[in-house]
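So the structure is just underneath, and the comments pick up after that.
Values quoted throughout were computed directly from the atomic coordinates according to the rules given, and no laboratory measurement underlies them. All figures in this text were calculated on a predicted structure; none of them were measured in a lab. Cβ: placed from backbone, ideal geometry, glycine included. Neighbour counts: every protein chain shown.
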Amino acid sequence: MRLTALIKEQEELTKKLKISNDFQRLEMIGAADCAFDDRYIYCVFVVFLYEEFKERLPKRDLRPIEVKTTRVKIDFPYIPGFLSYREKKAYLKTYKKLEILPDVILFDGQGISHPRRFGLACHIGVLLNKPTIGCAKSRLVGEFKMPGKRRGSCSPLIYNGEMVGYVLRTQDNVAPLFVSPGQGIDFATAKEIVLKTATNYRLPEPLRYAHIISKSLRESKPRIGSRR
């Protein structure tokens with residue numbers, strides 16, 4: 001598929017985005033991440049109880065109530081701005097395995113902070129019809145003022161004169177994250193969820209957990225998803 005066709009598809013799909021809260025309650029928080037080798041994508045979905053995340057928890061292990069994994073052959077090259085086309089098959093296939101469906105899902109990627117306002121979290125959110133949040137470690141687009149060094153400090157991320165997310169400090173004196181709505185969630189709630197779930201580390205704990213598992217899958221043979 002030519003990139004011009006994919007750009008057109010992204011622009012059409014943005015019309016389906018709802019940048020307001022589209023959920024009644026938040027009991028289950030999900031996160032998903034992928035790791036790669038030369039041939040395969042190793043995808044992980046985890047689901048946690050949201051109530052377990054308390055402000056400034058003492059350091060302790062939080063365990064997901066469900067983990068599902070999938071290995072999928074790579075069939076799309078890495079192209080900035082089109083990450084979802086490389087990963088969406090893996091995410092959709094893994095999500096279908098879940099027995100406990102999350103109310104909101106965190107993704108290691110962009111939401112509307114994207115050249116066409118349609119990053120990874122937006123695309124997967126539309127396909128799943130689920131509220132999603134983009135939680136990226138680096139900026140793709142936009143300008144911002146560096147937030148203060150204390151946990152919770154933030155500044156708006158501005159692209160073409162519009163706010164597309166927050167630059168959020170999740171821990172004291174660590175590099176900030178780039179948080180933007182994906183689908184079915186507003187700016188303030190996306191920021192609140194990321195900060196609340198980033199209990200002890202830079203990344204939100206569900207996303208950190210998914211990242212650790214996806215890397216372990218890449219470095220060893222795939223394992224079957226499990227439920228506790």
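For region 1-124, take every pair of Cα atoms, bin their distances at 5 Å starting from 0, and report each bin as a whole percent.
The distribution over region 1-124 is 2, 10, 18, 19, 19, 16, 9, 5, 1, 0, given as percents.
Pick out which of ILE133, ILE193, ILE105 has the largest mean-square fluctuation in a Gaussian network model of the chain, springs linking Cα atoms closer than 10 Å.
In the Gaussian network model the winner is ILE193.
For n ≥ 4 DSSP H runs only, could you compute -39500 (n - 2.57) per run for the chain, divide by its residues and tell me the 222 nm figure to the nearest 500? Don't skip to the answer; put the middle values down first.
On the way: 5 runs with 59 residues, N = 228.
Calculated from helices alone, the mean residue ellipticity at 222 nm is -8000 deg cm²/dmol.
Counting other beta carbons within 10 Å of each residue's own, what order do LEU13, LEU195 fall into, fewest first?
Numbers: LEU13 18, LEU195 22.
Ordered from fewest to most neighbouring Cβ atoms within 10 Å, LEU13, LEU195 come out as LEU13, LEU195.
Dimensions of region 65-145 along principal axes (Cα, Å, largest first)?
41, 29, 20
Pop the C-beta distance of GLU162 and ASN129 into the FRET formula with R0 = 22 Å and round what comes out to the nearest 0.05.
Numbers: r = 25 Å, r/R0 = 1.13.
After rounding to 0.05, the efficiency reads 0.35.
What are the lysines whose alpha-carbon lies under 24 Å from the alpha-carbon of LYS137, with same-chain residues fewer than 8 places away excluded?
LYS18, LYS54, LYS59, LYS68, LYS88, LYS89, LYS145, LYS149, LYS191, LYS196, LYS215
Go ahead and set up a Gaussian network model of the chain, Cα springs under 10 Å, then flag whichever of LEU207, LEU177, LEU128 fluctuates most.
Looking only at LEU207, LEU177, LEU128, the biggest GNM fluctuation is shown by LEU128.
I need the calculated FRET efficiency for the pair GLU12 and LYS137, taking r as the beta carbon distance and R₀ as 35 Å, to the nearest 0.05.
Values: r = 29 Å, r/R0 = 0.82.
Once the sixth-power term is evaluated, E becomes 0.75.
Hey, any idea what the orientation-averaged projected area of the convex hull of the chain's Cα atoms comes to, in nm²?
Values: hull surface 48.3 nm².
If you wrap the Cα atoms of the chain in a convex hull and average its projections, you get 12.1 nm².
For region 187-197, what does the Karplus curve 6.51 cos²θ - 1.76 cosθ + 1.60, with θ = phi - 60°, yield as ³J(HN,Hα) per residue in whole Hz, taken in order and with x for Gly and Pro?
After applying 6.51 cos²θ - 1.76 cosθ + 1.60, I find 4, 5, 5, 4, 4, 4, 5, 4, 5, 5, 8 Hz.
Which of ARG63, ARG116, ARG25 moves the most in a Gaussian network model of the chain with Cα springs under 10 Å?
Highest fluctuation of the listed residues: ARG25.
Cut-off is 10 Å between beta-carbons; in what order do PHE48, PHE76 appear when sorted fewest neighbours first?
Neighbour counts put them in this order, fewest first: PHE76, PHE48.
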